[in-house]
Amino acid sequence: MELKITPLHNWISARIGTPRAAFDRQALERWQFSSLLRMVAYTRQKSPFYREHFAGLGPINSFPDFFRLPFTTAENLMENPHSFVCVSQEQVHRIVSLPTSGTTAKSKRVFFSQEDQALTIDFFRTGMSTLAGAGDRVLILLPGERPGSVGDLLFTALRELGCLPTKYGPVDDERSVLQVIRQEKVNILVGAPVHLYRVACFDHVTNFLSQGQIKAVLTSTDVLPVVVAERLKALWGCEIFDHYGMTETGLGGGVECSAHCGYHMREADLYIEVIDPLTGEVLPDGEEGEVVITTLTRNAMPLIRYRTGDLSHVIPGDCACGSFIKRIAPIKRRWRAGIQIGECTLFQNDLDEVMFQLNGVGDFEASVFVDEQGRDMMRLSLRIMGGKRERVQEEAREVVSRIPGMEELSCNGRLLIEVVDALNPVFAKRRIIDLRPNVQHPTQASR
Ligand SMILES: [Zn+2]
């Protein structure tokens, strides 16, 4: 079967004003380079932060010149977000405050104009057309109450696409989500991976939906564990498309095509680099490093060479779908986000990949703390959906002990596994909670 080319391909060709026949990688990069120059000039003129950040800067005549510009970091966004803003207060349509973990009480703030939001709607409409079309009934399990929120912009985009969207919000109660799916005859879902997985597990144990009702799922907001993608596919018999984005990229960032081999990036709005997080050097395609973005079209708060903290690589070559639009491999880890426990540096994704293999684990939370004897301990709180709790607990201990470095913890009674009825509602990115005193929390600020 021939794969459908990513809809981003023709969209980007149209966005940069190049006819399909002349649209190639060189044409796109030429356009991106002139957009970068425009953005650097614009921010130096309008943003107090960049005026100072780029003071004494030499001329930019090539990409290597551009790669010499200093990075923008999350700390910069926390310190003085207003100094980034390039438009008048009246033109700011939405401000998103992003709480950061760790000791600092400061939050990152990102500002958007109406034009910026229109660009996101445009991307959402195009990206969603990978999996949805006129007449599809889409349930949005993302925050969508506030005007301009991710769920709200997605709702508008889906309407423009001729879909019938319903806003629900993050998954609270699985049964009520399933009721809405049945009532509204929903066939496509958009949500955070583990939220969707909980709904699928609950459906599996209660036999709520008729087989084949869910045609496709778009996962967003958090890392999609490989095992969760596989199990979602198996439980619902649907196709899974993963999306990568963050507030800083303008909510949308990139989306998989039907080849399911990396996210095609929104290259008419973003310039993507992957750098060595230690040296800052730009890495060639295929080499793992930190994703750095430059916004090419936003006017309220453009970001130049912004370090996202996400680790990935550019997938070399053209996609099997026939497009040369840049692809980023699925994000699994964030720079310095691992938790040090014993001899082991553990990432949330390491636990996800083993825990969600287990039948019955619908969700879980991991935390580390210090016991009365001063030992580092790990607690796994499991939310069981189907299956016998003792058996699931036993299996959980077994699979976690197999993670390199974790066996010792388990043997010494330092791994506690408990079953809980409910977990603290998390919508943001899931992470191992570190409750140890005097531990430097791995925030982006510590980078
Ligand atoms: Zn593709």
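Got at least one residue in the range 222-231 being more than 16 Å from the ligand (Cβ to nearest atom), in the same structural domain as residue 125 (by TED's automatic domain parsing), open to solvent by 30 Å² or more (accessible area, probe 1.4 Å) and of a type in the set (Gly, Ala, Ser)? Checked against the condition, which is being more than 16 Å from the ligand (Cβ to nearest atom), in the same structural domain as residue 125 (by TED's automatic domain parsing), open to solvent by 30 Å² or more (accessible area, probe 1.4 Å) and of a type in the set (Gly, Ala, Ser), the range 222-231 yields no hits at all. Only residues that are open to solvent by 20 Å² or more (accessible area, probe 1.4 Å) and not polar (S, T, N, Q) were counted across the range 187-208, and they come to 5. Identify all residues within the range 348-368 that are surrounded by fewer than 19 Cβ atoms within 10 Å (Cβ to Cβ) and either at positive phi or not assigned by TED's automatic domain parsing to the domain that holds residue 420 (or both); write none if there are none. Within the range 348-368, none qualify. Residues that are away from the ligand (no atom under 16 Å from the Cβ) and closer than 23 Å to residue 310 by Cα do not occur anywhere in the range 2-14. Pairs linking a residue in the range 250-262 that is modelled with pLDDT of 95 or more to a residue that is within 8 Å of the ligand (Cβ to nearest atom) and not aliphatic (A, V, I, L, M), with Cβ atoms under 6 Å and 6 or more positions apart or on different chains, are 254/264; 257/6; 257/264; 257/321; 259/319; 259/321; 262/327.
Residue under question is residue 290, and the condition is that it be more than 16 Å from the ligand (Cβ to nearest atom), modelled with pLDDT of 95 or more and acidic (Asp, Glu); does it hold? Yes; evaluated as a whole, the condition is true for this residue. Per the conditions (1) at pLDDT 90 or above; (2) open to solvent by less than 90 Å² (accessible area, probe 1.4 Å), the sole criterion not satisfied by residue 411 is (2).
The residues listed here are 216, 300; of these, the one that is under 21 Å from residue 84 (Cα atoms), over 16 Å from the mean Cα position of the chain (by Cα) and in the same structural domain as residue 67 (by TED's automatic domain parsing) is 300.
Could you go through the range 173-184 and let me know if any residue there is outside the structural domain of residue 427 (by TED's automatic domain parsing) and assigned to a strand (DSSP E or B). No, that holds for no residue.
Within the range 385-404, if we keep just the residues that are open to solvent by 40 Å² or more (accessible area, probe 1.4 Å) and of a type outside the set (Lys, Arg), the residue that is nearest to the chain's Cα centre (by Cα) turns out to be 404.
Taking the criterion of being within 14 Å of the ligand (Cβ to nearest atom) and of a type outside the set (Gly, Ala, Ser), the residues of the range 245-264 that qualify are 255, 256, 257, 260, 261, 263, 264.
Test residue 301 against the criterion of being modelled with pLDDT of 95 or more and either surrounded by fewer than 23 Cβ atoms within 10 Å (Cβ to Cβ) or within 16 Å of the ligand (Cβ to nearest atom) (or both), and give yes or no. Answer is no for this residue. Comparison of 280, 309 shows that the only residue that is out of contact with any Leu (no Cβ under 7 Å at 6 or more places or on another chain), open to solvent by 10 Å² or more (accessible area, probe 1.4 Å) and touching a residue at least 60 places away in the same chain (Cβ under 8 Å) is 280. When the range 310-341 is limited to residues that are modelled with pLDDT of 95 or more and either part of a strand (DSSP E or B) or of a type in the set (S, T, N, Q) (or both), the one that is nearest to the ligand (Cβ to nearest atom) turns out to be 323.
Criterion first (assigned to a helix (DSSP H, G or I) and touching a helix residue (DSSP H, G or I) at 6+ places or on another chain (Cβ under 6 Å)) does residue 200 satisfy it? For residue 200, the condition - assigned to a helix (DSSP H, G or I) and touching a helix residue (DSSP H, G or I) at 6+ places or on another chain (Cβ under 6 Å) - is met. Quick one: which residue in 116, 172 is touching a residue at least 60 places away in the same chain (Cβ under 8 Å) and surrounded by fewer than 23 Cβ atoms within 10 Å (Cβ to Cβ)? Result: 172 is the single residue among 116, 172 that is touching a residue at least 60 places away in the same chain (Cβ under 8 Å) and surrounded by fewer than 23 Cβ atoms within 10 Å (Cβ to Cβ). Of the helices (runs of 4 or more DSSP H) lying entirely inside the range 39-150, none contains at least 2 residues that are on the phi > 0 side of the Ramachandran plot and assigned by TED's automatic domain parsing to the domain that holds residue 11.
Residues are listed down the side, and each one gets a yes or a no for (1) surrounded by fewer than 16 Cβ atoms within 10 Å (Cβ to Cβ); (2) touching a Ser or Thr at 6+ places or on another chain (Cβ under 8 Å):
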| position | (1), (2) |
| --- | --- |
| 26 | yes, no |
| 68 | yes, no |
| 71 | no, no |
| 77 | no, no |
| 85 | no, yes |
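Has the range 369-384 got at least one residue that is surrounded by 14 or more Cβ atoms within 10 Å (Cβ to Cβ), of a type in the set (Lys, Arg) and within 30 Å of residue 275 (Cα to Cα)? No - not one qualifying residue is present in the range 369-384. The number of residues in the range 237-265 that are in contact with a helix residue (DSSP H, G or I) (Cβ under 6 Å, 6 or more places away or on another chain) and open to solvent by less than 20 Å² (accessible area, probe 1.4 Å) comes to 5.
The residues in the range 342-356 that are over 15 Å from residue 375 (Cα atoms) and outside any helix (DSSP H, G or I) can be counted, and the count is 4.
The values are calculated or read from the model by the stated rules, or taken from the named source; none is laboratory data. For clarity, every value in this text was computed on a predicted model and none was experimentally measured. Glycine also receives a Cβ, built like all others from the backbone with ideal geometry; neighbour counts cover every protein chain displayed. Quick note on the areas: whole protein, heavy atoms, side chains included, nothing else; ligands and nucleic acids left out. Shrake-Rupley method; radii C 1.70, N 1.55, O 1.52, S 1.80 Å.
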